[in-house]
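A.B. asks: Pasting a structure below so you can have a look.
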Amino acid sequence: MKVLLFDIDGTLIRGGGAGRKALNRAAYELYGKRNACSELSLAGRTDLYNFGKAHRAATGRKPTRAAVERLHRAYLKFLPRYVKSALRRGTYRVPPGLRTLLRRLSRDRRVLLGLGTGNMEKGARIKLGPSGFNAHFRFGGYGSDAFHRHALLKKAVVRAKKLSPAPFTEKDVYVVGDTPFDVVAGKKAGYKTVAVGTGYADWDELAASQPDHLAKDFRNTKIWLDWFQL
């Protein structure tokens, strides 16, 4: 068995900034602060981290668990409208070659497709909705599972073991993402890493993170299958 954990933002989709816009709108509704997270670096982080930073930027105070959850609920209220807006404006995109690769992987009984994302699960599913990819991913590790990315990846693997019809080892787990954070987290968790230049990271920085494999996009299906040893 091969367990393939895909990041969402910048990897499976580009959402036209829907997440950042929804978080800005939530912070404005709760705290009256405009553009609270516009200058924050959110890519590759977990929602628990990002919501905490947004709360601090909007209020100047250290976030509590209750404050983060309140912000999370407000964010989920606004996220669908910004995803729909990105879809209407044509800024919601699926990277080249990805649909073909996912169709091929989803038909292979040796493969378990999962999410390894900093998004909390409900937000992750909302973002993926227009792509039609939710059906490919039965499980995952989410920002609601852990503050740090390597920990949520390990949680995804625990769930994969419950679903897998055959055993697998850490060497059979691959983390696919578009930022150095994905690569670092995958390595720290003990998994193989594949970095793809479809998102928001600088290409040189992505290469410098030294993933096991590196690609501009998903168009060369054969080489991706070779990397996954399929």
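A.B. asks: Can you name the residue in segment 4-35 that is at pLDDT below 95 and polar (S, T, N, Q) and, of all such residues, is farthest from Asn134 (Cα to Cα)?
C.D. replies: Asn35
So that you can scan it fast, the table gives a plain yes or no per residue for (1) without any contact (Cβ under 8 Å) to a residue 24 or more places away in the chain; (2) at positive phi; (3) in contact with a His (Cβ under 9 Å, 6 or more places away or on another chain):
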{"site": "Gly16", "(1), (2), (3)": "no, yes, no"}
{"site": "Asn35", "(1), (2), (3)": "yes, yes, no"}
{"site": "Arg65", "(1), (2), (3)": "yes, no, no"}
{"site": "Ala86", "(1), (2), (3)": "no, no, no"}
{"site": "Leu98", "(1), (2), (3)": "no, no, no"}
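A.B. asks: Hey, another quick one. Hey, any hits in segment 22-45 for a residue that's outside any helix (DSSP H, G or I), within 18 Å of Leu152 (Cα to Cα) and touching a strand residue (DSSP E or B) at 6+ places or on another chain (Cβ under 8 Å)?
C.D. replies: Taking every residue of segment 22-45 in turn, at least one turns out to be outside any helix (DSSP H, G or I), within 18 Å of Leu152 (Cα to Cα) and touching a strand residue (DSSP E or B) at 6+ places or on another chain (Cβ under 8 Å).
A.B. asks: May I pose another question? Which residues, counting only those in segment 60-96, are among the hydroxyl-bearing types (Ser, Thr, Tyr), surrounded by fewer than 17 Cβ atoms within 10 Å (Cβ to Cβ) and modelled with pLDDT under 95?
C.D. replies: Thr64
A.B. asks: Go through the residues of segment 86-100 one by one and say whether even a single one is of a type outside the set (Val, Ile, Thr), farther than 29 Å from Tyr174 by Cβ and part of a loop (DSSP other than H, G, I, E, B).
C.D. replies: Yes.
The values are calculated or read from the model by the stated rules, or taken from the named source; none is laboratory data. Quick caveat, the model's predicted, so the values are computed rather than measured. Glycine also receives a Cβ, built like all others from the backbone with ideal geometry; neighbour counts cover every protein chain displayed.
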